[in-house]
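The values are calculated or read from the model by the stated rules, or taken from the named source; none is laboratory data. Quantities reported herein were computed from a predicted structural model and do not represent experimental measurements. To get the accessible areas, we keep the full protein, side chains included, count just its heavy atoms, and leave off ligands, DNA and RNA. Shrake-Rupley method; radii C 1.70, N 1.55, O 1.52, S 1.80 Å.
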Amino acid sequence: MGTLYYGDVATPIDIEDRALAHVKVVIATKLRRGESFTLSWTHGPGQEVGRSTVWLHPSIPLRFVFDEPEPALLSRAWIEALANSANSSGGLLLVPEPEVPGA
């Protein structure tokens, strides 16, 4: 399980390592462009039922921590799906990885 630390929020955001690797690419791309946007996710097992949203801004400190020492292999289709959501009015939504035909 990876962890996203955002600003001075006391509670970090837990996201599975593979998903966090893909989210990191999309977030870094948007912040590098100076774009602000929201990130939304559904709470995972062991957390209170519901969902959360944070406002991401280039001036707010952000740190990604991965449990796995080796970087995940990235899926172009998943990055594109996440980027499409990030570019929508709803912001970046942690969507499931798309199935790749024939994989």
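In whole percent, what relative contact order does the chain give with Cα contacts below 8 Å and a gap of six or more residues? Here the relative contact order equals 32 percent. Per residue, the chain exposes 65 Å² of accessible surface when a 1.4 Å probe is rolled over the protein heavy atoms with every protein chain present.
When both bridge partners sit in segment 2-103, DSSP labels roughly 85% of those beta bridges antiparallel.
Keeping the other protein chains in place, figure out the carbon and sulfur percent of the accessible area of the chain, with a 1.4 Å probe. Reported share for carbon and sulfur atoms: 55 percent.
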